[in-house]
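Report on the following structure.
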Amino acid sequence: MKLYDFPSAPNPRRVNIFLAEKGIEVERVTVDLMKQEQLQPEYLAKNPACDVPMLELDDGTCISQIRGITHYFEAAYPETPPLLGRSPAEKGLVEMWEHLAFMDGLLAVAEVFRNTARGFVDRAVVGQHNYPQSSELAERGALRLANFFKDFDRRLADNQYVAGDAFSLADITTLVSCDFAKWIKTGIPEDCSHLRAWYAKISERPAIVANP
Ligand SMILES: N[C@@H](CCC(=O)N[C@@H](CS)C(=O)NCC(=O)O)C(=O)O
């Protein structure tokens, strides 16, 4: 089994923290995004989404998308700590809050970053197709990010963790979104005290310290 990885990018980091929390070791293959290796024909043949991370099983099966990869590991390693929920209700809540963190947090930052960074001209959207940058989308992304911080601050006012009372992938995606915001020089606002306290607490977890 091989994990195609580029550890300094936010999405691969989500899986790297997830695996460290579970104590699962996997062989890594670096796909250098700076050299656009994700767009090379050999990689496209394995992963039509042209993104990282991507997991290749020993029989050649290739699974991309963090939801796909994390569900594989959660099912294949049932003896490791569950990070996608324990009860049916928890599983639903983890899916719900992880999806919201990705859509409203991580993608809001990406909307700003990819529509403004010089190296992303015509690469405003991840994938095999090119799209031009849009300053309007960048502005909208900044508004969405401000609301993400407020909405997740409210959520964490009444909950120890993002999906409820257990640490999960929803926390990982929320933390990675907060850190990705630093790429566009934005931090968690001062008045989001619940989100800030949660961030300080989970930042100390060994799996997160080991995957900065
Ligand atoms: N929806 C994807 C997101 C993966 C993604 O966007 N990865 C970025 C790195 S953070 C990537 O591969 N970018 C390639 C590119 O910019 O062309 C997932 O869940 O895995």
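Overview of values
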quantity	calculated
Any hit, the stretch 88-99, residues being part of a loop (DSSP other than H, G, I, E, B), more than 14 Å from the ligand (Cβ to nearest atom) and either within 27 Å of residue 127 (Cβ to Cβ) or touching a residue at least 12 places away in the same chain (Cβ under 8 Å) (or both)	no
Selection status of residue 122, free of Cβ contacts under 8 Å to residues at least 60 places away in the same chain and in contact with a Cys (Cβ under 6 Å, 6 or more places away or on another chain)	no
The stretch 178-212, residues that are touching a residue at least 40 places away in the same chain (Cβ under 8 Å), open to solvent by 50 Å² or more (accessible area, probe 1.4 Å) and within 20 Å of residue 15 (Cα to Cα)	183, 205, 206, 210
Output for the stretch 108-119, where each listed residue is of a type outside the set (S, T, N, Q) and crowded, with 17+ Cβ neighbours inside 10 Å	108, 109, 110, 111, 112, 113, 114
Test: residue in the stretch 28-40 that is more than 18 Å from the chain's Cα centre (by Cα), more than 16 Å from residue 2 (Cα to Cα), in the same structural domain as residue 16 (by TED's automatic domain parsing) and basic (Lys, Arg)	yes
The one condition in (1) without any contact (Cβ under 8 Å) to a residue 60 or more places away in the chain; (2) part of a loop (DSSP other than H, G, I, E, B) that residue 128 fails to fulfil	(1)
Close pairs (7 angstrom Cβ cut-off, 6 or more residues apart or separate chains): on the phi < 0 side of the Ramachandran plot and touching a residue at least 60 places away in the same chain (Cβ under 8 Å) in the stretch 133-154, of a type outside the set (S, T, N, Q) and buried (at least 16 other Cβ atoms within 10 Å of the Cβ) anywhere	none
Qualifying residues in the stretch 120-131 (those that are in contact with a helix residue (DSSP H, G or I) (Cβ under 8 Å, 6 or more places away or on another chain) and of a type outside the set (Val, Ile, Thr)) - the one surrounded by the fewest Cβ atoms within 10 Å (Cβ to Cβ)	128
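Yes/no per residue for (1) exposed (fewer than 15 other Cβ atoms within 10 Å of the Cβ); (2) in a helix (DSSP H, G or I):
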{"residue": "133", "(1), (2)": "no, no"}
{"residue": "136", "(1), (2)": "yes, yes"}
{"residue": "139", "(1), (2)": "yes, yes"}
{"residue": "147", "(1), (2)": "yes, yes"}
{"residue": "152", "(1), (2)": "no, yes"}
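The values are calculated or read from the model by the stated rules, or taken from the named source; none is laboratory data. In this text, all values refer to a predicted model and were calculated from it rather than measured experimentally. With ideal geometry, Cβ positions are generated from the backbone for all residues, glycine too; neighbour counts draw on all protein chains shown. Accessible surface is based on the protein model in full, side chains and every heavy atom, while ligands, DNA and RNA are left aside. Shrake-Rupley method; radii C 1.70, N 1.55, O 1.52, S 1.80 Å.
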